[in-house]
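The values are calculated or read from the model by the stated rules, or taken from the named source; none is laboratory data. As the structure is a computational prediction, the values presented were derived from the model and not from experiment. Because the Cβ atoms are built from the backbone with ideal geometry, glycine has one as well, and the counts that use them run over all protein chains shown. Quick note on the areas: whole protein, heavy atoms, side chains included, nothing else; ligands and nucleic acids left out. Shrake-Rupley method; radii C 1.70, N 1.55, O 1.52, S 1.80 Å.
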Amino acid sequence: MPVTAVLRSEWIKIRSVRASFGSLIAVFAAALAITLLVFATVGRAEADNGGDPVFGAFYAINFAQIAAIAFGATAVSSEYAGGALRVSLSAVPRRDLFYAAKMAVLAGAALVVGLAASFATFFTGQAFLGRYAIGLGEPGALRACLGAGIYLALMALFAAGLTFLLRSAVAVLSLLIPFILIVSFVVGDIAGGAAAYLPDRAGQQVLRQDTTGGPGPWTGLGVTALWAAAALLAGWQAVRRRDA
């Protein structure tokens, strides 16, 4: 099959499976809903208390990343439902082409929706802040908008690679979501500076205006990219060596 046909088929899979497509839409919906809820109620009071105005503008990304992880996991786990992977590999016997096409489509979809979510989050939140509002000209604001979209795409890829390795969206979600919501903070209290290189903490450096003490905005995003690359490599090894 030509590459374009494989890419098209992978997009059809994402679009037609309600779990994966719903999770993709939830990335945008969660970011916008949490932004509206938080900024319409306590946003101006939080701004008045000082803090990092850029990082505060992207509070909703903490929730959007959960949807991004769910998207990456469910987009892959559908291949293991009802023997779908055997059908996919029958249509595309070249496993490297199959794997690369799936990851490329997944990454592209997550990046587009992630960027839309990050810019919508920023502008919607600032609309409620009045004189405390900041614009894209604020130092670090534009970088954070772009970085947030890339970060969400990387977390989706991280989850996708792990799902190919573990063959279960439930297992991946059971590992990653508690890790991000709970374990990352516990490890941060114990490990100190080393915790800044965990995938979520490193990647979120790009959302901060002041990154003193961390790996830096783009370096941190690069650390998250390395975590995602390691998961994708492990997933590729699983696809290449295991029976469908």
Some residue of the stretch 50-69 being within 26 Å of residue 240 (Cβ to Cβ) and either among the basic types (Lys, Arg) or assigned to a helix (DSSP H, G or I) (or both): yes
Counting only residues in the stretch 1-21 that are farther than 13 Å from residue 98 by Cα and in contact (Cβ under 8 Å) with a residue 12 or more places away in the chain, the one surrounded by the fewest Cβ atoms within 10 Å (Cβ to Cβ) is identified as 19
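Sort out for me the helices (runs of 4 or more DSSP H) sitting completely within the stretch 127-204 that have 2 or more residues that are of a type in the set (A, V, I, L, M, F, W, C). Give the derivation first.
Values: elements: 141-166, 169-178, 184-191, 199-203.
Helices (runs of 4 or more DSSP H) meeting the threshold: 141-166, 169-178, 184-191.
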Are there any pairs, at least 6 apart or on different chains, whose C-beta atoms fall under 9 Å, with the first in the stretch 24-37 and under 17 Å from residue 154 (Cα atoms) and open to solvent by 60 Å² or more (accessible area, probe 1.4 Å) and the second modelled with pLDDT of 95 or more and among the aliphatic types (A, V, I, L, M), and if so, which? 25/67; 25/113; 28/64; 28/67; 28/113; 28/116; 28/117; 28/120
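So which of 183, 206, 223 is without any contact (Cβ under 8 Å) to a residue 12 or more places away in the chain and under 19 Å from residue 61 (Cα atoms)? Please lay out each step first, then the result.
Details: 206 fails: without any contact (Cβ under 8 Å) to a residue 12 or more places away in the chain; 223 fails: without any contact (Cβ under 8 Å) to a residue 12 or more places away in the chain.
So the residue among 183, 206, 223 that is without any contact (Cβ under 8 Å) to a residue 12 or more places away in the chain and under 19 Å from residue 61 (Cα atoms) is 183.
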Here are some residues: 223, 186, 239, 172. Which one is over 21 Å from residue 68 (Cβ atoms), among the β-branched types (Val, Ile, Thr) and surrounded by 17 or more Cβ atoms within 10 Å (Cβ to Cβ)? 239
Could you please let me know if residue 88 is under 12 Å from residue 10 (Cα atoms) and outside any loop (DSSP other than H, G, I, E, B)? yes
I'd like to know if the stretch 34-54 contains one or more residues that are modelled with pLDDT of 95 or more and more than 18 Å from the chain's Cα centre (by Cα). no
Across the stretch 205-244, the tally of residues that are hydroxyl-bearing (Ser, Thr, Tyr) and not in a helix (DSSP H, G or I) stands at 2
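So that you can scan it fast, the table gives a plain yes or no per residue for (1) acidic (Asp, Glu); (2) in contact (Cβ under 8 Å) with a residue 12 or more places away in the chain; (3) touching a Pro at 6+ places or on another chain (Cβ under 9 Å):
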site	(1), (2), (3)
109	no, yes, no
113	no, yes, no
123	no, no, no
130	no, yes, no
135	no, no, no
154	no, yes, yes
169	no, yes, no
172	no, yes, no
Which one of 159, 127, 194 is among the small types (Gly, Ala, Ser) and surrounded by 17 or more Cβ atoms within 10 Å (Cβ to Cβ)? 159
